[in-house]
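Q: Encoded as structure tokens, here's the structure I'll be asking about.
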Amino acid sequence: MDLKLQDKVILISGGAKGIGGAIAQGLIEEGGIPVLIDPSEKEGDAMVRQAKGRALQVKIRLYSPEDALHAVQEACKAFGRIDGLVNNAGSNDGVGLENGRPTAFVASVAKNLNHYYFLAHYALPELKKSKGAIVNISSKTALTGQGNTSGYVAAKGAQLALTREWAVELLPYSIRVNAIVPAEVYTPMYEAWIKSFSRPEEKLAEINRKIPLDNRMTTPEEIASMALFLLSEKASHITGQHLVVDGGYTHLDRSL
Ligand code: NAP
């Protein structure tokens with residue numbers, strides 16, 4: 001299937017590694033042009049080098065509206081257009097109800113949620129011109145809870161709500177908005193979390209056993225395949241959807 005993503009300029013927050021990195025890599029392979037908004041120098045530099053100029057890294061950690069505006073302006077300056085946005089950057093920072101503090105909760109929501117809105121807001125004039133698409137990366141924790149991570153889960157739930165909200169608001173411009181809901185994906189963030197257990201290998205094997213399809217984690221590339229499809233014109237009548245890509249982890253029978 002030709003996704004027709006050649007020359008499409010796609011903003012990807014957190015695009016230098018992990019899930020965002022796999023989406024950027026997949027886009028390069030399809031002939032598209034990723035704009036990585038991510039501070040990770042080593043991984044970003046390697047990807048831009050490999051893409052031979054058909055990629056750009058904006059080396060910032062998104063937080064403020066000005067950060068998002070700067071990223072959009074850099075993309076437009078370099079390539080003159082924006083065809084899509086993948087809101088992906090985030091981290092599960094463990095600010096719980098009992099163990100957290102109100103100030104930490106507010107900071108966690110701000111850091112995981114606000115830049116999704118800021119990027120969509122500032123990219124919108126370009127997305128209107130290109131009839132582009134938006135993909136929001138959420139998390140199964142928005143559907144299942146996790147415990148001890150109120151800020152992150154509040155942000156992830158809000159991302160699913162905003163996916164529907166923006167899908168409705170942007171109907172007049174034929175801009176499609178969808179969310180991907182991953183569960184267990186072995187990325188640098190996941191690896192760091194697993195290593196926080198006293199017996200990481202046992203913990204990993206225990207989680208793998210609970211994933212119905214093939215008893216393994218979803219790969220970043222499997223999330224990327226869904227993201228690239230949703231960005232492409234092959235998904236031309238899909239909007240406002242929450243696509244759960246997780247080997248059946250969230251919804252299949254617990255007794256499996
Ligand atoms: P990851 O391995 O940490 O990769 C994320 C990348 O984004 C890193 O390069 C990180 O840089 C960068 N980043 C983080 N915050 C940023 C910000 N504010 N502005 C710009 N760049 C930022 O994470 P991942 O596992 O791929 O997660 C990506 C998304 O998937 C997140 O939204 C996460 O909630 C979601 N998700 C992941 C899983 C999973 O199992 N991995 C499951 C459900 C949902 P630094 O390393 O320097 O921070």
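The values are calculated or read from the model by the stated rules, or taken from the named source; none is laboratory data. Remember, predicted model here, so these are calculated numbers, not experimental data. Every residue, glycine as well, gets a Cβ built from its backbone with ideal geometry; the counts of neighbours run over all protein chains shown. Just so you know, the surface numbers come from the protein's heavy atoms only, side chains and all, with ligands and any DNA or RNA stripped out. Shrake-Rupley method; radii C 1.70, N 1.55, O 1.52, S 1.80 Å.
Q: Show which aspartates and glutamates lie in cross-link reach of residue 59 when reach means a straight Cα distance below 19 angstrom and same-chain residues fewer than eight apart are skipped.
A: Partners found: 38, 41, 43, 45, 67, 74.
Q: Still on this model: For segment 44-106, what value does the Rg/Rh ratio take when both radii are computed over Cα atoms and Rh is the Kirkwood radius, given to two decimals?
A: On the way: Rg = 16.3 Å, Rh = 14.5 Å.
Over the Cα atoms of segment 44-106, Rg/Rh equals 1.12.
Q: Residues in segment 218-241 near a label at residue 144, defined as backbone nitrogen under 19 Å from the 7 Å Cα→Cβ point?
A: Counting only backbone N, you get 218-224.
Q: Pop a pseudo-label 7 angstrom from the Cα along the beta-carbon direction at both residue 214 and residue 201 and give the gap in nm to one decimal.
A: My value for the distance between the label points is 2.3 nm.
Q: Segment 128-166 to segment 188-254: how many Å between their Cα centroids?
A: So the separation of the two Cα centres works out to 15 Å.
Q: How much of the accessible area of the chain, probe 1.4 Å, is carbon plus sulfur, in whole percent? List each step's numbers first, then the result.
A: Details: 6720 of 12530 Å².
The computed percentage sits at 54.
Q: Hey, another quick one. Tell me, what is the Rg over Rh of segment 57-172, with Rh the Kirkwood radius over Cα pairs?
A: Details: Rg = 15.2 Å, Rh = 15.0 Å.
Using only Cα positions, Rg/Rh for segment 57-172 is 1.01.
Q: For the chain, just run the numbers: alpha carbon Rg, then divide by 2.2 N^0.38 Å, N being how many residues it has. Intermediate values should be presented prior to the final figure.
A: Working: Rg = 17.6 Å, N = 256, 2.2 N^0.38 = 18.1 Å.
The value comes to 0.98.
Q: So, counting K/R as plus one and D/E as minus one, what does the shell of residues with Cβ under 13 Å around residue 222 add up to? Intermediate results must be reported in sequence, preceding the final value.
A: Values: positive: 216; negative: 184, 214, 221, 246.
Spelling it out: positives minus negatives among the neighbours equals -3.
Q: So, by mean Cβ neighbours within 10 angstrom, what's the order for 136-143, 240-247, 187-194 with the highest one leading?
A: On the way: 136-143: 22.4, 240-247: 18.5, 187-194: 15.1.
Highest mean packing first, the order is 136-143, 240-247, 187-194.
Q: So with the 1.4 Å probe, I'd like the accessible area per residue for the chain, rounded to whole Å². Show your work: numbers first, answer last.
A: On the way: 12530 Å² over 256 residues.
That works out to 49 Å² per residue.
Q: Right, something else. For the chain, what is the mean residue ellipticity at 222 nm derived from helices alone (per DSSP H run of n ≥ 4: -39500 (n - 2.57); sum divided by total residues; nearest 500 deg cm²/dmol)?
A: Values: 10 runs with 114 residues, N = 256.
Calculated mean residue ellipticity at 222 nm is -13500 deg cm²/dmol.
Q: Does segment 136-181 classify as rounded, prolate or oblate by the C-alpha gyration tensor (a ≥ b ≥ c root eigenvalues; a/c under 1.5 gives rounded; else a/b over b/c gives prolate, otherwise oblate)? All intermediate terms of the calculation are to be shown ahead of the outcome.
A: Values: a/c = 4.13, a/b = 2.88, b/c = 1.43.
Prolate.
Q: Continuing with the same structure: Can you tell me the length gained on complete extension of the stretch residue 233 to residue 164, counting 0.36 nm per residue apart and subtracting the Cα distance?
A: Values: separation 69, 0.36 × 69 = 24.84 nm, distance 1.93 nm.
Once the chain is fully extended between residue 233 and residue 164, it gains 22.9 nm.
Q: Oh, and also: Using the basic label-point model (7 angstrom from Cα toward the beta carbon), what is the residue 221 to residue 77 distance in nanometres?
A: Roughly 3.6 nm, to one decimal.
Q: Which value, in nm² and rounded to one decimal, describes the direction-averaged projected area of the C-alpha convex hull of segment 124-249?
A: Values: hull surface 34.4 nm².
For the Cα atoms of segment 124-249, the hull's average projected area reads 8.6 nm².
Q: Which net charge results when you count Lys and Arg as +1 and Asp and Glu as -1 among the other residues whose beta-carbon is under 12 Å from that of residue 89? Intermediate results must be reported in sequence, preceding the final value.
A: Working: positive: 17, 61, 111; negative: 38, 67.
Neighbour charge sum, excluding residue 89 itself: +1.
Q: Sticking with this structure for a sec: Once both labels are modelled 7 Å past Cα along the beta-carbon direction, what's the residue 97-residue 173 spacing in nm?
A: Between residue 97 and residue 173, the simple spin-label model gives 3.8 nm.
Q: Using a cut-off of 11 Å between beta-carbons, work out the net charge of the residues near residue 123 (Lys and Arg +1, Asp and Glu -1, residue 123 not included). Can you show the working numbers first?
A: Values: positive: 81, 128, 129; negative: 83, 126.
Residues close to residue 123 contribute a combined charge of +1.
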